[in-house]
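Notes for the one structure printed next.
We did not get these values from a lab; they are worked out from the coordinates using the rules stated. Note that the structure is predicted; figures quoted are calculated from it, not measured. Counting neighbours? That spans all protein chains shown, and the Cβs are built from the backbone with ideal geometry, glycine included.
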Amino acid sequence: MRKKQAYEIKPVGTFHIRFSHDILVRIFALLALFSLTAILMIYAAAGLHTGLAGRQGASDYVKARVEAVLSSDTSPDNAYPERRTGEQQLRIRILEGSYSGRQMEITNYVNVLHDIEARQGMTIVVQLTHQSDGSLSASVYNYDRSGVLILFGVCVLALLCIAGGLKGVQSLFGILFTVLCVVFILLPFVLKGAPPIGIALLVVVLATAVHFILLDGIGRKTVPALISTVAGALFSAGAASLVGAIASLNGFHMQEAEALLLQSAHGQIPIHGLLVAGILISAHGAVMDVAITIASAVDEFRRESPMHSDTDRFRFGMRVGRDAMGTMVNTLVLAYVGSSLNTLLLLYSYGISFAQLINTDLIGVELLEGLAGSLGIILTVPLVAFLSAFLAGRLHTAPTTLPKKPEPVKQPQ
């Protein structure tokens, strides 16, 4: 049996720092992945131009405080009494930007959709527009929700760390890494004309590898889960590409496609592949959840019942996977339905026929996304169960902590 390796740093004061072989491998793997990610981010940002294409006047969105409500004639709307309509005359003071401290008097138009009724002392977000004659105009854009949303996000992340302990903290870093990859790798590269499917796959691989290595290192759980997660995302993307090609569904049939066409004045955005790229990203989370759940269960089964065969472990993994499969597929489908609930309600209210409904772009795209993501989950279950049962057992995994040195035996007096 191979001798476990450990590395010891010479004592500093009264403390000894000792690392197992697997911890060093985890550190070096994370450093390599972080370095690769940093290089990709720098390359993605090089030469990138953002901004609205072809706009007449430049606009800034800044926070402002309502110094006084000079006049107000708002009243409840007849159809929706909980909303108000009318207009207000406001005196505001800009709180940030190059015009910080400047006071302005503006008109706030309140309606059912733009129900932003200002009160003295509240903070709002205003749109500052620089006109062609050099003048500056301002209009109420929205409530300042940043403080509430940031506080809510901090509370959720804090609860994650408290409830999950060390695993929760590691998951937090994994979430932040995924967000950084999407914002600073996926979006810039696609805006520069890179193939969105390839970039989305790269983000999936990076995010999955870092998340699993942070949680459990490189071992019998993470290797099968990583392979299965990437394979499951590819299953979803492949099915979406095939069905989309047959049914003539692609990125041009998604919402905001027209706006992206206009924005392509800065460069050729590959809109055609955005549908499959979006499915890769959206299915990634559900597939990763199923993969690590089954891999962890099979690994625990191996440790608790080492006398069982690989076939028994595969059957155990399939039993766990079938339970997870049904709930995750339902979760994925409901997530897509929830994101388009208003549009679905509007279509339902029209009373249109099934033939028209099933052939609308929105319904076709939503069905393709939901079904392709579900297929990825379904095919991931047997794959991760097989890899965890038959291949993971051949992997050597050293413990992440070292055994204590035996106490010296006292010689009898």
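The count of lysine pairs in the chain whose Cα atoms are under 19 Å apart, excluding pairs fewer than 8 places apart on the same chain, comes to 7.
In the chain, excluding the sites themselves, the longest stretch lacking any of the trypsin sites (Lys or Arg not before Pro) that are in a DSSP loop with at most 13 other Cβ atoms within 10 Å is 146-403. Quick one: among 291, 207, 194, which has the greatest mean-square fluctuation in a GNM of the chain with alpha-carbon springs under 10 angstrom? Result: 194 has the largest fluctuation of those listed. The modelled label-to-label distance for the pair residue 103/residue 175, using points 7 Å beyond Cα in the direction of Cβ, is 4.3 nm.
Between the DSSP loop rule and a limit of at most 14 other Cβ atoms within 10 Å, which GluC sites (Glu not before Pro) in the stretch 52-142 are left?
Numbers: sites: 67, 82, 87, 96, 105, 117; in loops: 82, 96, 117.
The qualifying sites are 82, 96.
Placing +1 on the Cβ of every Lys and Arg and -1 on the Cβ of every Asp and Glu, with no other charges, gives the chain a dipole of roughly 2220 debye about its Cα centre. Considering only 320, 358, 76, the residue lying farthest towards the positive end of the dipole of the chain is 320, judged by Cα position with unit charges set on Cβ. Residue order for 190, 169, 179, fewest other beta carbons within 10 angstrom first, comes to 179, 169, 190. Of the residues 97, 338, 278, the one that moves most in a GNM of the chain with alpha-carbon contacts below 10 Å is 97.
Rounded to the nearest 500, the 222 nm mean residue ellipticity of the chain from helices alone is -18500 deg cm²/dmol, with -39,500 (n - 2.57) taken per DSSP H run of at least 4 residues.
Considering only 275, 332, 151, the mean-square fluctuation computed in a Gaussian network model of the chain, springs between alpha carbons under 10 angstrom, is largest for 151.
Seen against the Cα atoms of the chain and their longest principal axis, helix 21-45 is set at about 30 degrees.
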